[in-house]
Amino acid sequence: MSAVLAAETPRVLSGMRPTGSLHLGHYHGVLKNWIRLQNEYECYFFVADWHALTTGYEDTQGLEENVWNIVIDWLAAGVDPNFATIFIQSRVPQHAELHTLLSMITPLAWLERVPSYKDQQEQLKDKDLSTYGFLGYPLLQSADILVYRASYVPVGEDQVPHVELTREVARRFNHLYGRDPGYQQRAEEAIRKLGKKNAKLYVELREAYTERGDREALERAHALLERQKNISLGDKERLYGYLEGGGKIILPEPQPLLTPASKMPGLDGRKMSKSYNNAIYLRDDPKQVEEKLKTMPTDPARVRRSDPGDPDKCPVWEFHAVYSDDKTRAWVRQGCTTAGIGCLECKQPVINAVLAELAPIQARATEFARDPATVRALVADGTRKAREVADATLAEVRTAMGLGYA
Ligand code: TRP
Ligand code: SF4
């Protein structure tokens, strides 16, 4: 292969739960970002159907429909199967295999301290989330990421701890299984030469770093080795290497790619969300979109047309912030604060802009919805490709763990 092709494009992986139709919040907050990334990276985007089960295991009636619909919404928004690999999690069983293997080396406490564990249990009080699957879902997510050896994971703020867990699990895996035979023994002999007290300290600091990612411990261990006068250079180097795992990196640590928080507000000024009933869906009929915007609340103090208003207290202003240019925004400020324009008049440019944004998305959605065979075929293609990559990782993982037989 030519040298030009040798540099590998970093991989990006992200998933979404199939929990219902996507709205403008998803589009501005996630999908536009994916569409940007697919041009720069080797992207894998998957329908996280197993993740949907971790909270929605009781009612799986709508799952299948949601799976196909979310794929159609992605395609309609501009996720392009020529650039990105689109697939369904449950059709790539290697995710589950890696999850099982990683579960063997993951301390329970790591899962219990993931913030979403307690948060979600509090928030979803109507569901019984004291299940094994729910506790383990961040580790399933780690497997999702590590099985593709992804470099980057685009996520929102709330998911950063999951990527952090993934890094810790990868580090622990590499530490346990990434070493050459004999390496361990040589390192242990070198440790003994440090003398009882220093050896104990070295072991403690090393554990703090390799198992908990404690960077300060790593620095202290370096300082400890620096101070040693009575060990050979070879042993010293061995002990430096041993601190950081020192062996092969089988599962590289991914980095979060923090998606900037979407400014897309809902119709009532709160974050756009299905549960707030304040969303405009990508496939809402244009009439419905217009109706939703025309009836959305405005500055509550502006009761009559003749009352001046304050855009800063109006959800419509938030829409102008997303959709309008400076000139239109100046027109709104001026017209609103002097009662020079009415609220319906003020909403019109937003209505036009949202409809213009949705028109090509809806045209594509209609085409894909009419042609389920094409959608299925392209997901089957993506799934096949994903499975190949995932299986290559598993082959190495199995061997590293001593399961390389048969
Ligand atoms: N947990 C994510 C969510 O609930 C979805 C998800 C599953 C994911 N696996 C992932 C996101 C891997 C990024 C990478 O939204
Ligand atoms: Fe809101 Fe516009 Fe009405 Fe002012 S004129 S209250 S910004 S909708």
Self-check item: For ALA190, net neighbour charge (Lys/Arg +1, Asp/Glu -1) across residues whose Cβ lies under 13 Å away
Solution: +2
Quiz item: Tell me, what is a quarter of the convex hull surface for the C-alpha atoms of the chain, in nm² with one decimal?
Solution: 26.9 nm²
Quiz prompt | Signed unit charges on C-beta, dipole axis of the range 183-243, positive-most listed residue ILE231, GLY213, VAL203 | solution = ILE231
Quiz prompt | Under 13 Å, Cβ to Cβ, from CYS43 - net charge with Lys/Arg +1 and Asp/Glu -1 | solution = 0
Self-check item: Net charge of neighbours whose Cβ lies under 15 Å from the Cβ of VAL67, counting Lys and Arg as +1 and Asp and Glu as -1
Solution: -2
Quiz item: Remind me, relative contact order of the range 283-368 in percent, using alpha carbon pairs under 8 angstrom and six or more residues apart?
Solution: 32 percent
Quiz item: For the Cα atoms of the chain, what angle does the longest principal axis make with the long axis of helix 63-77, in degrees from 0 to 90, nearest 10?
Solution: 80 degrees
Practice problem: Could you let me know the centre-to-centre spacing of the range 109-175 and the range 22-70, using Cα atoms, in angstrom? | Solution: 17 Å
Quiz prompt | Efficiency of FRET between GLN334 and PHE83 - r from beta-carbon atoms, R0 35 angstrom, step 0.05 | solution = 0.20
Practice problem: Using the structure shown, select from LYS274/LYS313; LYS118/LYS248; LYS127/LYS274; LYS118/LYS271; LYS274/LYS347; LYS125/LYS274 the pairs with a Cα to Cα distance greater than 26 angstrom. | Solution: LYS118/LYS248
Self-check item: Assigned charges on the beta-carbon of Lys, Arg, Asp, Glu; the chain dipole about Cα centre (debye)
Solution: 920 debye
Quiz item: When the Debye formula is applied to the Cα atoms of the range 183-243, each taken as the same point scatterer, what base-10 log of I(q)/I(0) results at q = 0.26, 0.29 Å⁻¹?
Solution: -1.14, -1.38
Self-check item: Dipole of the chain, positive direction: furthest Cα of PRO286, LEU98, TYR27, with charges on the beta-carbon
Solution: LEU98
Quiz item: How much length is gained if the chain between LEU108 and ARG304 is pulled fully straight, taking 0.36 nm per residue apart and subtracting their Cα-Cα distance, in nm to one decimal?
Solution: 64.6 nm
Self-check item: Of PRO315, ALA187, GLN61, farthest towards positive along the dipole that unit charges on Lys, Arg, Asp, Glu beta carbons give the chain
Solution: ALA187
Exercise. Any chance you could run the full-extension gain for ARG192 through ILE249? It's 0.36 nm times the residue separation minus the Cα-Cα distance, nm to one decimal.
Key: 17.9 nm
Exercise. Give the relative contact order (percent, whole number) for the range 183-243; include only Cα pairs under 8 Å separated by 6+ residues.
Key: 40 percent
Quiz prompt | With Cα atoms, 0 to 90° folded angle of helix 233-243 axis to the chain main axis | solution = 40 degrees
Quiz item: Can you give the angle from 0 to 90° between the axis of helix 94-103 and the longest principal axis of the chain, with both taken from C-alpha atoms, to the nearest 10?
Solution: 60 degrees
Self-check item: Potential extension, TYR183-GLU291 segment - 0.36 nm per residue separation minus Cα distance
Solution: 32.0 nm
Quiz item: How would you order 123-130, 378-385 from highest to lowest mean count of nearby Cβ atoms within 10 Å?
Solution: 378-385, 123-130
Quiz item: How fast does the range 134-249 diffuse by Stokes-Einstein, in µm²/s, taking the Kirkwood radius from C-alpha pairs at 25 °C and 0.890 mPa s?
Solution: 158 µm²/s
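FYI, it's all coordinate maths here, none of it is from the lab. Bear in mind the structure is a predicted one, so any value in this text is a computation, not a measurement. Here Cβ is always computed from backbone atoms with ideal geometry, including for glycine, and neighbour counts include all displayed protein chains.
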